[in-house]
Amino acid sequence: MAFALHYQGALTDKRQLSAFLEEVEDIAASLGWGVQWYDAPWNTRPSAHIQLSTSGQPEVVGNLGLKGIALKIASARQPLLFCFGASGVLTSPVQVALSAAHNYEVTPTWIAAPTTELPPDNHIAIVHLLRYLQSKYLHDLEVADESGYWNHGDAAAVFAGQPGLEGLAHLARQASYLRKRDNLDIVEQIALILRKRADLE
């Protein structure tokens, strides 16, 4: 069973944007996640809108007015977005286009993480990443985690009884007893990466 996860918030200090993006890119590279950049100017009004592509699928076109990074995780079709408008608030290309269509009367809403398309261990990894970014860059970050893991951090309680996941809770609790990097699963990898970054500060 996959669980939905949504988040919203803003940069505590917009001057930290470059450091935020560089660090997220480094973490993504360490985990083998792909990235896509957003680097539109903040000093021009967004002109984004939604239209149908040649294949008949909706797509966002035009100036988004966003700076940020999108993380491509495993097989998920949707990326994990960290995009900011000029106000420093987290948003998404679709939200910008909808806001433009309503004369900017639509305020940013919750952003969906691609957890429903990913195995539970990726869900845990994303929660760890969000918690780390909250502690350093996004102090007012709010997370709505259907699994409850954001609140209690107990993988055993969240994934108990699900087929094929018996070892997941054990792995999450044993992050302090890490093996060689090449043999780590995604939960242990992100625990190690984030702990090392915290130790460097």
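Any read-out appearing in this document is the output of simple, stated calculations on the displayed coordinates, not a laboratory observation. Quick caveat: nothing in here was measured; it's all calculated off a predicted structure. Positions of Cβ are backbone-derived with ideal geometry, glycine not excepted, and every protein chain shown enters the neighbour counts.
Numerical summary
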item	result
Nearest-0.05 FRET efficiency for HIS49 and ALA198, computed from C-beta distance (R0 35 Å)	0.25
Residues VAL61 and ASN151, FRET efficiency given R0 of 41 Å [Cβ-Cβ distance, rounded to 0.05]	0.60
Karplus (6.51, -1.76, 1.60) ³J(HN,Hα), θ = phi - 60°, over region 79-87, in Hz, Gly and Pro reported as x	x, 8, 9, 10, 10, 10, x, 4, 7
Estimated FRET transfer efficiency (GLU142, VAL35; beta-carbon r; R0 30 Å; 0.05)	0.80
Bins of 10 Å from zero: percent of alpha-carbon pairs in region 1-111	13, 42, 35, 9, 0
